[in-house]
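The values are calculated or read from the model by the stated rules, or taken from the named source; none is laboratory data. These figures come from a predicted structure and were not determined experimentally. No Cβ is skipped: glycine too gets one built from the backbone with ideal geometry, and neighbour counts run over all protein chains shown. Ligands, DNA and RNA are stripped out before the accessible areas are found, and what is left, the full protein with its side chains, is counted by its heavy atoms. Shrake-Rupley method; radii C 1.70, N 1.55, O 1.52, S 1.80 Å.
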Amino acid sequence: MPAQPSRILFVCLGNICRSPLAEGIFLSVAATVGADNRFAIDSAGTGAWHAGSPPDPRSIQVAARHGIDISAQRARAVSAADFENFDLLLGMDRSNVETLIGRSTARAEHKVHLFLEYAGIGHRDVPDPYYGGADGFETVYRILHEASEALASKLGARDVSAPISGQASSIT
Ligand code: 4NP
């Protein structure tokens, strides 16, 4: 096991709206400090209804507006192997977390967390934008961007020229 978690699975319900965005945004944030190659990032859904599908066009669009291309992603369902193969399984909402805990072995339960809480920005859900309009996707984008920056910082993947909270950098 590495010192810092580096294999991260972002999880939502359908794997077409929130978690594909989280995957793309986190990689983009890590890439701004040249740290994207330190991570193995993927996303999955607790449901399999959309398996094999590209992300929702509204997610593709909001990502593209912010310079991120998520169009090549394909949805898949969470598998038993994911609990072994990833260091962290980060659910977008409490229902995702509950489902993950229910499917986890006792050994892997410590890997399952609520994304925003693990990132340190509060015990909050990323709202499901599926049944809403385009602004819901922009809101989700902003939340995920803030959380991705906080997560990257927590995992030591941040800009050494911009230390957070005045801490000295320890990036090597
Ligand atoms: P996601 O959004 O979990 O963020 O991918 C949803 C996608 C599809 C459905 C619900 C939520 N659905 O009911 O099909």
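Counting residues in region 93-107 that are part of a loop (DSSP other than H, G, I, E, B) and under 15 Å from the mean Cα position of the chain (by Cα) gives one or more.
Residues that are over 16 Å from the mean Cα position of the chain (by Cα) and surrounded by fewer than 19 Cβ atoms within 10 Å (Cβ to Cβ): does region 84-92 have at least one? Yes.
So which residues in region 65-83 are under 17 Å from the mean Cα position of the chain (by Cα) and either of a type outside the set (S, T, N, Q) or part of a helix (DSSP H, G or I) (or both), if there are any at all? Correct list: His66, Ile68, Asp69, Ile70, Ala72, Arg74, Ala75, Arg76, Ala77, Val78, Asp82, Phe83. Would you confirm whether or not region 24-45 contains a residue that is open to solvent by less than 40 Å² (accessible area, probe 1.4 Å), over 13 Å from Ala157 (Cα atoms), more than 9 Å from the ligand (Cβ to nearest atom) and in a helix (DSSP H, G or I)? Checked region 24-45: at least one residue is open to solvent by less than 40 Å² (accessible area, probe 1.4 Å), over 13 Å from Ala157 (Cα atoms), more than 9 Å from the ligand (Cβ to nearest atom) and in a helix (DSSP H, G or I). Examine region 47-60 for a residue that is crowded, with 20+ Cβ neighbours inside 10 Å, away from the ligand (no atom under 12 Å from the Cβ) and either farther than 15 Å from Asp93 by Cα or over 13 Å from the mean Cα position of the chain (by Cα) (or both), and state whether such a residue exists. The answer is yes; a qualifying residue exists. Within region 112-134, residues that are more than 14 Å from Leu89 (Cβ to Cβ) and β-branched (Val, Ile, Thr) reach partners that are within 16 Å of the ligand (Cβ to nearest atom) and in a loop (DSSP other than H, G, I, E, B) with beta carbons closer than 6 Å, at six or more positions or on different chains, in the pairs Val126/Met92.
Which residue pairs have Cβ atoms closer than 6 Å, lie 6 or more positions apart in sequence or on different chains, and pair a first residue in region 6-21 that is assigned to a strand (DSSP E or B) and near the ligand (Cβ under 6 Å from one of its atoms) with a second residue that is among the hydroxyl-bearing types (Ser, Thr, Tyr) and open to solvent by less than 10 Å² (accessible area, probe 1.4 Å)? Once the first residue is assigned to a strand (DSSP E or B) and near the ligand (Cβ under 6 Å from one of its atoms) and sits in region 6-21, its partners that are among the hydroxyl-bearing types (Ser, Thr, Tyr) and open to solvent by less than 10 Å² (accessible area, probe 1.4 Å) give Cys12/Ser19.
Looking for something over 17 Å from Leu89 (Cβ atoms) and either among the small types (Gly, Ala, Ser) or open to solvent by less than 20 Å² (accessible area, probe 1.4 Å) (or both) - is there at least one such residue anywhere in region 5-13? Looking for residues that are over 17 Å from Leu89 (Cβ atoms) and either among the small types (Gly, Ala, Ser) or open to solvent by less than 20 Å² (accessible area, probe 1.4 Å) (or both), one finds none in region 5-13, hence no. Based on what the data block shows, is Ile121 surrounded by fewer than 16 Cβ atoms within 10 Å (Cβ to Cβ), modelled with pLDDT of 95 or more and in contact with a strand residue (DSSP E or B) (Cβ under 6 Å, 6 or more places away or on another chain)? Judged against the criteria, Ile121 is not a match.
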